[in-house]
1. Which far-off residues, 5 or more places away or on another chain, put their amide H under 5 Å from the one on ASP133, with H placed in the peptide plane?
2. Computed over the Cα atoms, what is the radius of gyration of region 31-184 divided by 2.2 N^0.38 Å, N being its residue count?
3. In whole Å, how far is the Cα centre of region 133-196 from that of region 4-81?
4. What are the trypsin sites (Lys or Arg not before Pro) within region 36-87 that DSSP puts in a loop, where the Cβ has at most 11 other Cβ atoms within 10 Å?
5. Obtain the nm distance between the two label points defined at ALA151 and ILE98 by a simple spin-label model: each point lies 7 Å from its Cα along the Cα-to-C-beta direction.
6. What number in nm² do you get for region 132-196 if you take the convex hull of its Cα atoms and divide its surface by four?
7. Report ³J(HN,Hα) in whole Hz for each residue of region 168-185, in order, from the Karplus equation J = 6.51 cos²θ - 1.76 cosθ + 1.60 where θ = phi - 60°; Gly and Pro get x.
8. Under 5 Å between amide hydrogens, which residues at least 5 positions from GLU168 or on another chain qualify, with H placed 1.01 Å from N in the peptide plane?
Amino acid sequence: MKNLLKEVRISIVVTVLLAILVCGLYPLAVWLLGQTLFPAKAEGSLVISKGKVVGSSLLAQGFRGPHYFHPRPSAAGEGYDGARSGATNWGPLSKKLIDTIHERVVRYRKENHLAPDAPVPADAVTASASGLDPHISVKNALLQAERVAKARGLSMERVTGKIEAHTEGRTFGILGEPRVNVLRLNLDLDGEYEPR
């Protein structure tokens, strides 16, 4: 019985020490490092417009109307719902996936005044795994540029210049493809983007 009590006491002490370390000291150290080394990222990569937080550069928002660049389709809740992030999980042979993509292709060609057989970038008609990807491909942005320029009464050169200004390169110079952040681009076109 004496050994059992000793073992129980040791187990309780180790559990308390691990709880302090794992639930207190480690998160505090990570928070301090994040706040010190990457304060903007640690706060959620917030985008500010007119002194107010309007979103995060890490999360897509639904933009409607011909004068805005449109993000990738969203499968998150009713669309771009950060609390319901997730993919559709439809398989490549799913009739629902095929029909949805076909509808999106037709709508994309129509709203961007493309020929009925014009190629459409995959990111323009498919949702990302999270349903909240804030980026579109450069090709997708360029195909939308004419519509946006016309709706805003801007020259194509000005709009493509904004696309270039908001094009992010490959991660670490080798991963992924160049991409455009839709929230930052649209805010810049509205004259409301404040770089941090």
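Readers should treat all values here as calculations from the given coordinates under stated rules, not as data from a laboratory. Computed from a predicted model, the values in this text were never measured in an experiment. Every residue, glycine as well, gets a Cβ built from its backbone with ideal geometry; the counts of neighbours run over all protein chains shown.
1. The list, which skips near neighbours in sequence, is ALA60, SER128.
2. Numbers: Rg = 16.7 Å, N = 154, 2.2 N^0.38 = 14.9 Å.
Taking the Cα Rg and dividing by 2.2 N^0.38 Å, one obtains 1.12.
3. Rounded to whole Å, the Cα centres lie 26 Å apart.
4. Answer in residue order: LYS50, ARG64.
5. Between ALA151 and ILE98, the simple spin-label model gives 3.2 nm.
6. That works out to 4.9 nm², a quarter of the Cα hull's surface.
7. Going residue by residue, I get 9, x, 5, 5, 6, x, 9, 9, x, 10, x, 8, 10, 7, 5, 4, 5, 4 Hz, with x marking Gly and Pro.
8. For GLU168, whose amide H was placed from the backbone, the distant partners under 5 Å are ARG179, VAL180, ASN181.
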